[in-house]
Amino acid sequence: MFFNMPKVLVVSGEPSGDVFAGGLISSLKKLDASVNLDIYAMGGKNCSEAGAELIADIKELSVMGFTEVLLKLKTIKKVLNSLSKWIKLNKPDAVILVDFPSFNFKIAKLANKLKIPVIYFIPPKIWASRYGRINFIKKYIKFVITIFPFEQEIYKKEGVESYYFGNPLYVLNKKDAYGHNTHVKSSVLSEDGETDLEAEKADCKKLPNPNLNGKYPIISFLPGSRKTELKYHSQRIIDSILRIKSAYKDAFFIFPFRKEIDFSYFKNVIESNAAIKNDMYLFTDSIGFALSSSDLIITASGTASLEACFYGKPVIIFYYLNYLTYILAKILVRVKYAGLINILAGDLIVPELIESEFTPQNVFKEADKFLKDEEYRKNALNKRAAVVSALDAGVNPFDAAAGLIYDKMIRYA
């Protein structure tokens, strides 16, 4: 029995991890009214709004790729030292790690040394690269909670206690009758900052829609969330837009970014290009409304590419890396495909344009097929629907994960 409120530390390291961590924290907070969990986090806006006290912010840690990480080592080390000092001083009753393995492995090792149990929610994708990390997980992690069905089997075969409650991203994107996310609040950017539900429903009607203003096609571009991604993708996206616009005169483009993402670099590149007119595009933080209103979604590989597949719209996946990072990735990565949906399917059911294949000509070629060939479009969507449905385990994965963690690591600790 606790004489003081039990303390839990949740550690995430990038925007997508912050979304998942925030969902888990919300579920932990509502578990047991008789015990007020004291939850701390390294995270961002989602963790904070869910009720955790932020002890480190992830804003400066969101990097992708081997060479990009090297440039951030000083900042990463500073945050790691600060968080380590907090753990030693406060000794939480449990540590929950969310993705971000290179950083979180160091936290796990420290927690283990202090005899603090460690749970991994969204463990490393050892099936994609660096399978040897399984040995670290066996030694330092009490149990893992996976977000893909095949992951649980991999960990089980290796003797790691593992659980699967469905994919949390799938739950986060369930819609109501308005296309509004039932779990995550988002709204179209507005000068007055209004974010209530009625305002969101009104804004939904303002979004470009072929049934409302004759624009066709409406295409959402998701350029990525990291600064390095925006840097490498921006010009290729502009060139792709101009190529599409040359064939589809009424094409309209939406750039959805979550509020916590700093997309100023990308926005400046778009706005400073004389060929991109103001009436050709819209920036919004209403992800659900933007994707629901689109005829086609063109997205960077990553979490967003899986999220895009939940909207019943055709999707094209792209990615461009620093050349050295790309070469290293080719050596280390064990999977055939870049997009999560294709990895889950074990087949190329969503087109991928990676590295040298990410050209304006190829983007247009794939987009044109979806926009002109109805049979091609239907077949692609049908294949994808079967894969997406497997991500629903019939329960809320956040609630189920929170209940498991609470019962195993907190209630009876």
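Throughout, read-outs are computed from the coordinates displayed, never taken from laboratory work. All figures in this text were calculated on a predicted structure; none of them were measured in a lab. Using ideal geometry, Cβ is built from the backbone for each residue, glycine included, and neighbour counts are taken over all protein chains shown.
The mean sequence distance of close C-alpha pairs (under 8 Å, at least 6 residues apart), as a share of the length of segment 215-331, puts its relative contact order at 32 percent. Modelled spin-label separation between Lys249 and Asp392, with each label point placed 7 Å from Cα along the Cα-to-Cβ direction: 4.2 nm.
A protection proxy built from the mean count of other Cβ atoms within 10 Å ranks the segments 218-225, 78-85, most packed first, as 218-225, 78-85. Proximity of backbone amide H atoms, modeled 1.01 Å from N, is registered between Phe283 and Phe255 at under 5 Å, excluding neighbours fewer than 5 places apart on the same chain. Annotation for Ala385 and Ser264: the two label points, set 7 Å from Cα along the Cα-Cβ direction, are 4.4 nm apart. Gain on full extension, evaluated as 0.36 nm per residue between Phe136 and Asp373 minus their Cα-Cα distance, stands at 80.4 nm.
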